[in-house]
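Shown next, in structure tokens, is the structure this report addresses.
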Amino acid sequence: MAWPGDFGLSRAFPRDLRLNASTSASSGPARASGEAWARIVTASVAARLADPKGGRRLTARAACGPCPGHTGSCRPSPLTVLRQAHTMTCMRFLRRVRRDLARGENLEIYSTALLSVTLAVLGAFDVVGGKVLDAATLATLALLAGGLLGSRRQVSDLAQQVRSHMAGEVSAEDFLTRDKPDLIGQVRDARDIRIVGVTLSRTLRNLVDELQSRAAAGATIKVALIDPATSAPAEAARRSTVSGRPAVFENRLRPSVDLLRELVESPGTGGRIAVRFLPFVPAFGLVLLDPQRPGGRIHVDIYSHSSASGDAVFTVLPDRDGHWYQHFQAEFDRIWAFGRPADASDGFPPPPPA
């Protein structure tokens, strides 16, 4: 049964809604012909269409608009509702086009569509000759073929990357870096900061201001580095291929210890900075930022045998690298447990009573 006042769009709505409209129409021959159709169309469009930015749904009052003698109880006509729906659909499409153009995405598709429409208009009004239209049509097809070729290449590259990751063939360039990205900004937001290293000369020099401000703001800071009073500097020299020159690492340790002493004695830190000296050279460096929080991260330095070549760095995250994240967190705890707390013999104030 066709709907009363059907505009040829009855297939756009579910069958149950059409049955409801037909039932309502049969119950009141004169009245249902217009009211049931308007009621069902309005309810369906209002339930299915929404403005994605404002979240506003299409209501009878919005679709109706101002009309003479409006009391809030009049119903919109089906044509008004469909016009409103068409306007909303067009606005969504235009917003999507503007977003793609701003991001530089799907440019070849929009260019092909624009050129095709232009050719169609020019051909319809006989503005240009057949040869020009043929040449332009071939150019349009070439542009479309180029876009399809680029898309296929992107899909092929992506599929190759997925296969490589699944097979374990991941390039070291994908996870190793030469530095810790945005470390200062990450420290600035951290509440729990833990650092392990050999001399930490560059790390402490770059972070001293942020560490002081974070400690004054209530963050806890733990720093562990090799003990200059043990054989650790000589061991570090042997591992760095400068055997017999432990003074190199002893000289690097002095400014680091001085910076740590200033941090501990800074006003407002309230004993929230703890320093420990290690009797051995750690196998890797660690920077843990809020390790027990969901958004924490751990930076791992793979020490090289030559300081000139730099160290490789990678980062583990709790939600992505669960097992290895817990592994390096436990490694810090073991290293910290073997460290000697800095005391007055090292020029540090006595630690606050527990």
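Bear in mind that the values in this text are calculations on the coordinates, not laboratory data. These numbers were taken from a predicted model, which means no experiment stands behind them. FYI the Cβ positions are ideal-geometry reconstructions off the backbone, even for glycines, and counts take in every protein chain you see.
Brief remarks follow.
- The alpha carbon radius of gyration of region 105-245, expressed as a multiple of 2.2 N^0.38 Å, is 2.14.
- Per-residue extension of 0.36 nm, minus the Cα-Cα distance of residue 206 and residue 243, leaves a gain of 10.5 nm for this segment.
- Hz values of 3J(HN,Hα) by residue in region 266-278 - Karplus curve (6.51, -1.76, 1.60), Gly and Pro given as x: 5, x, x, 6, x, x, 8, 10, 10, 10, 9, 10, 9
- Each of 335, 195 has some number of other Cβ atoms within 10 Å of its Cβ, and from fewest to most they run 335, 195.
- Relative frequency of Cα-Cα separations exceeding 12 Å in region 108-165, percent: 70 percent
- Placing unit charges on the Cβ atoms of the charged side chains and taking the dipole of region 108-165 about its Cα centre, the candidate lying farthest along the positive direction among 109, 120, 158 is 158.
- A simple count of charges around residue 102, restricted to other residues whose Cβ falls under 12 Å of its Cβ and scoring Lys, Arg +1 and Asp, Glu -1, yields +3.
- Separation between Cα centres of region 243-268 and region 214-233, rounded to whole Å: 10 Å
- In percent, rounded to a whole number, the relative contact order of region 183-346 is 25, using alpha-carbon pairs under 8 Å and six or more apart.
- As a size descriptor, the averaged projected area of the C-alpha convex hull of region 198-277 was calculated at 5.0 nm².
- For residue 344 and residue 86, the difference between the fully extended length at 0.36 nm per residue and the C-alpha to C-alpha distance is 85.0 nm.
- Beta bridges per DSSP, both residues in region 183-346: antiparallel share near 60 percent.
- Within region 108-165: Cβ-based charge dipole about Cα centre, in debye rounded to nearest 20 (Lys, Arg +1; Asp, Glu -1): 260 debye
- Whether region 219-328 is rounded, prolate or oblate, judged on the alpha carbon gyration tensor where a/c under 1.5 counts as rounded: oblate
- Summing charges over neighbours of residue 275, with a neighbour being any other residue whose Cβ is under 13 Å away from its Cβ, gives 0 when K and R count +1 and D and E count -1.
- Net charge, residue 246 excluded, C-beta distance under 14 Å - Lys, Arg +1, Asp, Glu -1: +2
- Backbone N atoms of region 277-316 closer than 20 Å to the 7 Å Cα→Cβ label point of residue 176 belong to residues 282-287, 298-316.
- Cβ crowding within 10 Å ranks 207, 82, 94 as 94, 82, 207, fewest other Cβ atoms first.
- Using the Cβ-Cβ distance between residue 93 and residue 292 with R0 = 35 Å, the FRET efficiency computed as 1/(1 + (r/R0)^6) comes to roughly 0.15.
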